[in-house]
Structures are given as structure tokens and as C-alpha cells.
Amino acid sequence: MSAKSLDRLLSQLENARYRFGSGEAAGILKTLNLLGAARFPDAKSLIRFHEALLFLRAFPQGPNVVRKTEQLLNGFHKRVEALRKSGADLSPLDPLEVSGIAGTQMSDTISFDLARWLVRHMPGKVTIDWDNWEEGRAMGEILPRLLPLVEDDALVEADTPWRRWIEAAHGNRVGSAEWLILRFESLPLAPQAKAELYDSLRIPLRWDLGHSRVTRTRNWTPVREVFYHSGPLISRSEVSLADELTKRPPVLRKLLRSEGERIIDKIREVMLVRYRELYGTTLGDPASVVRADVGRGMSIYLWNLPPDRRLPLRAYVAGLTLKNGVPINYIEAIGLCEWMEVGFNTFYTFRGGEAGWIYAQVLRCLCHLMGTTCVSMYPYQLGHDNEEALKSGAFWFYRKLGFRPGRADLRRLVEREEKKIAADASYRTSIRTLKRLARSHVFYELPGSEVGAWDRFSTRNIGLRVNSLMAREFGGDSRVMRESSATALQQGLGVKTRSWSSMEKGAFETFALVLSNERLSTWTAREKQRMVEIVRAKAKSNEMHYLHLTQQHQRLRAALIKLGT
């Protein structure tokens, strides 16, 4: 097949994936059969085929389209290998927008928790990427815990051959990466201490994806019932966030732990092959996973962090959306009282597929789970330090759904831009202006929420104020401040914490710092009792219970907003 004919067929397929109706499935199947028999001479054309196949697998026109896309995706590693053998340039397969295709290799520096998971799920395929390891002093400080006599070399020599030391120690019984991670696992330290030591080495790992399910190509999941599209996709202009959020809340079904473990494994796969790692996608609690089936083949999964990995103040929720079993986005939400910050990222392949409607369903689930009435979007989501979001006009995506800037000057700027757009349909907001609009959070308040209460709030402000107090009154000594504040809070609340668990005591210390300047003598006995319940709930199995309790304590809410504003 000529390059021109191949390009024509790929263009036909890319256009057809957004067409639905009678006869469309047959036309797509014909194009798929022709492309399935074609030889791809370069990586760029192969990537186009791959992305179109994934979209069609998620948004299919009929059962034959599903079967054919699965067949082609399951054999995709052979096409990559054929391209490699032909001597073609495979570098277009490396960027994060298209990374993770079957038959390729990946290299990345990942956290200890994710690295430990990776070597268990891809045994024998993970190695240390020595060519990209910038060796530093941390090696000489940490490896003596694992390698006998290495101090005699590391402490006095300038050219310690770390690779030779590690290869001598693991003896080829297992790969060097597996051996090193197993040795860190065996250290007599707390899990977080092991992770901190390993992470300080910044070890780059390389792994061969091959035909594994741990690829973008094959990490879709078969589903019992596929939703076939027979009409146009739902456009953003058809979505009313106000209408969606006033509908009956979706049913959130709690999964068995074994089911939750499969979902946490899934999100690790999904993020790993896209060179992404979030705190909550690596460390999700499988016992907390809930699922909502919201229609149109869409299943939304949400989960919390385990008690020993939680944030000091805010409650954390992460999530994943599967469309007909295909991962299409990830979710991050961090909340306090009735306010939450949301991160929502639809993967590049699926950004033409009902993103506005899906986002509305995600918010429905999050608001129901977390009890949220004030939704805030991170500036990064709008384009702050995010060129891709700027180019896509992400700010206007959220603005047209009803979000407003938290800063008065940016609200005035938005109003001026909207007048220009209304006067001239061809007008486009400049990148420079979009950068200005992305400098601040945008907000959406549900009915009953106090408008503007959280506009200038940040937990960072709370932390900075606590640290300034530590410098001013405790000589910069964290231990002394913690002990003094904890004693004062015990007296203020009339409670003894000697019999509490270590995690409950840790939560108590956190709130002691936050409330160190609060006049607890003005609180009622009931308010003090509820404060104790909130502190202890932070360390319990269900972090959402903690979050809901903070929504019921007006004195605490007022103190937090004051400190964080």
C-alpha cells in the first residue's frame, strides 16, 4: 500500500470514529480490515492507527467494531517489533502523549511503592537504567546498609563503581532492580522510612512492555455489557452542570477488598505507562474503593488513602473512569469541610469524547461521596505552567460550565473577554490572556453554599502561619512546639490522649498546631466533644466520615478559613 493510500485510510478512520448511526459500523469495519492488512512504514502512522483503535474500543458503533479493535490491539506489539526490525525511527513512540504502546520500552524514576509494585507485576522485565543514573553522594550514605564493606570504597574513593558493587551482590539470581528493591523491603524500618531512603537515590528503571496487559494498548477490561453509540456524542454545550448536580445522587457501591485491589492495580498500570504518578494513585486504599455506574458505558471508581498515609488536614480522594472498560481519565480531589479542589485529566486519546458530560458525572459522584458544596479547580488545570491546557482553551471549558474566578480582577477580565466573544464570533482569547486567567482557582458553588467563602483560602497559608508562629514563639523547634501545643489542646478540650493509638495522637498534634491561637474557652462543651470526634476520625478506616464531621463544626470551619485566608 502506498504512503498516500495509507494516509487516506487513516484519515477516514479518524473522521469516522466520531460518526454514529445506521451503516457507520460497517464502513468502519471495512476500513479496519484494510488497515489491519497494511504494512506501516513509520512510527507516526502506526501511532495514528493505535489511537484511533483505542477510541473506537471505548466509543464503539457496534459489536463488530469492538471485536475487530480488540483483535488488532492484541496483536499490536508485532507491528512495533516489525517497525523496529526495519530500522525505522521509533523515537515518536517516546513522548508521554503516546507512551505505553505494546512492544515499546519505558524508562522513568518512580517512587519506591510504585517500583515495588512494578517488579512484582513484570518479573524479569525491569532493570536499572544505568545510562541515565546520575550517581551522587546519597549512594555512599545509603548503600552501606545493603552492601558489606562498600564503605571502604565509597567513603574515600571518588570513582566508586556502584554498578559493579550491585551486580556482584545480586549475583544474577534476579535482576538488579528486583534485588535492590527486595533489599530495601527487608530493611528493619517503617514503610515510609524505606520509601524515603529509596526515593533519595533517584534510581531510573527501564522495563520492556512487550505484550503485557500493563500497556495502553491492552489495559482495557472486558465488560459484561457494552454501550454502543447510535447517535452523536454529547457535546459540552449540551451539558448543564447545574442540572446534573441537582439530579438524584448516583449510587456508590462499595467493592470487596479483592475487587478494590484490582482497581488499584489498574490505576497504577494506567498512570505508569503515561509517565504519571499521583500520591493517591500509587497509595490508594483498596478497602475504600467505591463504584458508580452512571450510564453510557461509564463506570467511575473512587477511593481514599489508608490511615497511615493520609494528609494532615485535608481528606483525599482519587479516582479512575472506565468507558466500556477502557481507562479514559484520572481524578484527584482534596477536601476540607464543604470545599474541595479537583484535578480532572482526560487522556489525550479521548479528549473528543463527551468530556463535558463525563466531568459532570465525576462531580456528581465526588460531591455525593465527599459532601461538597464548593468546587475549586487547580490553576494547573486551567493552564498555569501547563502549555497543553493553555492551547486547548481549558479555562473556557470550565467557565462555560459555570465556574468563576476567585479573584475580582480576573472576574472583570473574563467579563471583558466574554463581551468581545459575543460581539465577534471569530474572536479567540490570546495565550497571554489565558495565562492571566489561569493564575487563580476558579469556583463553582452548589445551592446553599456560602459564595466566596473559600476564594482566598489555601492550606499552604495555614502551614506557613504555623511555621511563622514556631519561629516566633518556639525558636524554630518543631518538637517543643508540638509538645506545648498538644498539652494546651488537651487542657482546652478536657481530654487525655495517653490511651490513643499513635495515628490518633498524630492527628491530635496536627490540630493542636492549627488551633494553637484559638480561644477554646469560648467553645461549648458540645463543640469540644465534636472536635475530639473529628480528630479521632482522621485516623479511622473511613476518611469520608472525618470529612463529613468537619462540615458540621462551624467553629472549626471558621478557624480554618481564617487561618488559610
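The values are calculated or read from the model by the stated rules, or taken from the named source; none is laboratory data. Computed from a predicted structure; not experimentally measured. Note: ideal-geometry Cβ built from the backbone for every residue, glycine included; neighbour counts use all protein chains shown.
Could you list, ordered by first residue, the pairs with Cβ atoms under 9 Å in which the first is in segment 10-32 and closer than 15 Å to R57 by Cα and the second is modelled with pLDDT under 90 and surrounded by 13 or more Cβ atoms within 10 Å (Cβ to Cβ), at least 6 apart or interchain?
Listed pairs, sorted by first residue: R17/G352; Y18/G352.
Kindly indicate whether G171 is within 30 Å of E97 (Cβ to Cβ), modelled with pLDDT under 90 and small (G, A, S). Quick ask: steps written out before the conclusion?
On the way: within 30 Å of E97 (Cβ to Cβ): no; modelled with pLDDT under 90: yes; small (G, A, S): yes.
For G171, the condition - within 30 Å of E97 (Cβ to Cβ), modelled with pLDDT under 90 and small (G, A, S) - is not met.
In segment 332-359, what residues are outside any strand (DSSP E or B) and under 15 Å from L302 (Cβ atoms)?
I358, Y359
When you go through (1) surrounded by 18 or more Cβ atoms within 10 Å (Cβ to Cβ); (2) outside any loop (DSSP other than H, G, I, E, B) one by one for Y380, which number turns out not to apply?
Of everything listed in (1) surrounded by 18 or more Cβ atoms within 10 Å (Cβ to Cβ); (2) outside any loop (DSSP other than H, G, I, E, B), Y380 misses just condition (1).
From (1) modelled with pLDDT of 95 or more; (2) over 11 Å from the mean Cα position of the chain (by Cα); (3) surrounded by fewer than 23 Cβ atoms within 10 Å (Cβ to Cβ), pick out the condition that doesn't hold for Y348.
Against the list (1) modelled with pLDDT of 95 or more; (2) over 11 Å from the mean Cα position of the chain (by Cα); (3) surrounded by fewer than 23 Cβ atoms within 10 Å (Cβ to Cβ), Y348 comes up short only on (1).
For segment 66-85, does any single residue satisfy the condition of being within 17 Å of P327 (Cβ to Cβ) and not in a helix (DSSP H, G or I)?
Among the residues of segment 66-85, not one is within 17 Å of P327 (Cβ to Cβ) and not in a helix (DSSP H, G or I), which makes the answer no.
For the structure I just gave you, tell me whether L201 is of a type in the set (A, V, I, L, M, F, W, C), within 30 Å of P447 (Cβ to Cβ) and touching a residue at least 40 places away in the same chain (Cβ under 8 Å).
no
Whether any residue in segment 140-158 is touching a residue at least 24 places away in the same chain (Cβ under 8 Å), on the phi < 0 side of the Ramachandran plot and out of contact with any helix residue (DSSP H, G or I) (no Cβ under 7 Å at 6 or more places or on another chain) is what I want to check.
Yes - at least one qualifying residue is present in segment 140-158.
Got a number for residues in segment 93-139 being modelled with pLDDT of 90 or more, in contact with a helix residue (DSSP H, G or I) (Cβ under 6 Å, 6 or more places away or on another chain) and not in a loop (DSSP other than H, G, I, E, B)?
Final tally of qualifying residues: 11.
Do the conditions hold for R183, that is, is it in contact (Cβ under 8 Å) with a residue 12 or more places away in the chain and of a type in the set (D, E, K, R)?
The answer is yes for R183.
What is the one condition in (1) closer than 21 Å to P306 by Cβ; (2) touching an Asp or Glu at 6+ places or on another chain (Cβ under 8 Å); (3) not in a helix (DSSP H, G or I) that S449 does not satisfy?
So S449 meets the others, but not (1).
Can you pull out the residues in segment 140-154 that are of a type in the set (V, I, T) and part of a helix (DSSP H, G or I)?
Of everything in segment 140-154, just one residue is of a type in the set (V, I, T) and part of a helix (DSSP H, G or I), namely I142.
Collect the residues in segment 529-554 that are in a helix (DSSP H, G or I) and aliphatic (A, V, I, L, M), keeping them in residue-number order. Break it down stepwise before answering.
Start the filter on segment 529-554 by keeping residues that are in a helix (DSSP H, G or I), which leaves 529-537, 543-550, 554.
M531, V532, I534, V535, A537, M544, L547, L549 - these are the residues of segment 529-554 that are in a helix (DSSP H, G or I) and aliphatic (A, V, I, L, M).
Based on what the data block shows, is K496 within 26 Å of V535 (Cα to Cα), touching a helix residue (DSSP H, G or I) at 6+ places or on another chain (Cβ under 9 Å) and among the basic types (K, R)?
So K496 fits the description; yes.
Filter segment 356-407 down to the residues that are out of contact with any His (no Cβ under 9 Å at 6 or more places or on another chain), polar (S, T, N, Q) and closer than 28 Å to D293 by Cα and list them by number.
Q361, T372, T373, Q381
Say we look at segment 230-276 and pick out the residues that are surrounded by 14 or more Cβ atoms within 10 Å (Cβ to Cβ) and of a type in the set (V, I, T); which of these is nearest to V362 (Cα to Cα)?
The qualifying residue nearest to V362 (Cα to Cα) is V239.
Going through R526, R472, R557, R498 one at a time, which residue ends up being outside the structural domain of W303 (by TED's automatic domain parsing), of a type in the set (K, R) and not in a helix (DSSP H, G or I)? Spell out the reasoning first.
Numbers: R526 fails: not in a helix (DSSP H, G or I); R472 fails: not in a helix (DSSP H, G or I); R557 fails: not in a helix (DSSP H, G or I).
After ruling out the rest, the residue left standing is R498.
Scan segment 239-270 for residues that are under 17 Å from the mean Cα position of the chain (by Cα), more than 19 Å from I334 (Cα to Cα) and aliphatic (A, V, I, L, M) and jot them down.
Answer for segment 239-270, where residues must be under 17 Å from the mean Cα position of the chain (by Cα), more than 19 Å from I334 (Cα to Cα) and aliphatic (A, V, I, L, M): I263, V270.
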